[in-house]
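Beneath this line is the structure, given in structure tokens, with notes to follow.
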Amino acid sequence: MKNRETLLSLIFLTVALSILFAPVLLRGETFALGDVPDQFLPWRIFTAEEIADGRIPLWNPYTFCGSPFLANMQSAVLYPIDRAVDLFFQPEQGVGIGMILHLFLGGFFLFLLARSFGASELPSGIVAIGYALGGFHAIHFLGGNLLTITSSIYLPGHLWVVHSLRERIEEGRRIGFLPLIGVLLAVLQVLSGHAQMTFYNAFFVGLFFVLNLIQMKSGRL
């Protein structure tokens, strides 16, 4: 029953995102709001073309008299999720597909976090959908703040890792791959390209980690 309810929650999340992004999924339209058509989409196309030609995009000759590209964190050249999406979709569609994927991941991470706090599958699924389609993501979606969204979705994943580590240590269970998962999520967030959101998340996760340590030492649940 629990596995069935978990699957249903993730299906509902997928359906909700599919409805929101129906033009991208059904008609192949380009997600082009705010900064996307003026900055992120041209960068995505440039990156895809350079990699297809066997070159690492170190330098962007099309901005001003040329500018560093790989060294620009926001170019996200080394971000594996973007590069994987570009293998299967043209950049014009890949931007929207990537947005769907990231919002799904954010909802999934929050689902795991809610479950780790003891919520059942249905409430966890509801908060996952609320997070993925909530006001924070909506306002940045409408503003075309692509990197804000692709970076922010890792926060619930980090919190889930910290809380799960605490639970396993207190219960005397093996921590397994949780530290490795935490490192992987941290690397992905840095490579996603938004320094400000990465700093915010690191500060909040660090605070959450310290509070959990204090509570563990004081014997509080």
Legend entry - Least to most buried among Tyr200, Tyr62 (fewest other Cβ within 10 Å first): Tyr62, Tyr200
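Roughly speaking, what is the stretch gain from Leu178 to Asp38, that is 0.36 nm per residue apart minus the C-alpha to C-alpha distance, in nm to one decimal? Walk me through the intermediate numbers first.
Working: separation 140, 0.36 × 140 = 50.40 nm, distance 3.90 nm.
Going from the current span to full extension adds 46.5 nm.
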Legend entry - Inter-label distance, nm, simple model (7 Å from Cα along the C-beta direction), Leu207/Glu171: 2.8 nm
Legend entry - Paramagnetic reach from Leu78 in region 182-219 [backbone N under 19 Å; point 7 Å along Cα→Cβ]: 182-199, 202
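If you place +1 on the Cβ of every Lys and Arg and -1 on the Cβ of every Asp and Glu, how big does the dipole about the Cα centre of region 1-61 come out, in debye to the nearest 20?
Dipole size: approximately 380 debye.
Among Phe64, Phe136, Phe89, what is the fewest-to-most ranking by other Cβ atoms within 10 Å? Intermediate results must be reported in sequence, preceding the final value.
Values: Phe64 7, Phe136 11, Phe89 17.
Lowest count first: Phe64, Phe136, Phe89.
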Legend entry - Gain in span if fully extended, Leu8 to Gln215, counting 0.36 nm per residue against the direct Cα distance: 71.1 nm
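If you build the Cα gyration tensor of region 94-221 and take the root of 5 times each eigenvalue, what three semi-axes come out, in whole angstrom, biggest first? List each step's numbers first, then the result.
On the way: eigenvalues 143, 54, 33 Å².
Listed largest to smallest, the semi-axes of region 94-221 are 27, 16, 13 Å.
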Legend entry - Cα lying deepest toward the dipole's positive end in region 1-135, options Ser75, Gly28, Gly107, charges on Cβ: Gly107
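Would you order Met197, Met216 from fewest to most other beta-carbon atoms within 10 Å of each residue's own beta-carbon? Let's see the in-between values first.
On the way: Met197 22, Met216 13.
Starting with the residue having the fewest Cβ neighbours, the order is Met216, Met197.
No value in this document is a laboratory result; all are computed from the given coordinates. All values reported here derive from a predicted model rather than from experimental measurement. Note that each Cβ is placed from the backbone with ideal geometry, even for glycine, and that neighbours are counted across all protein chains shown.
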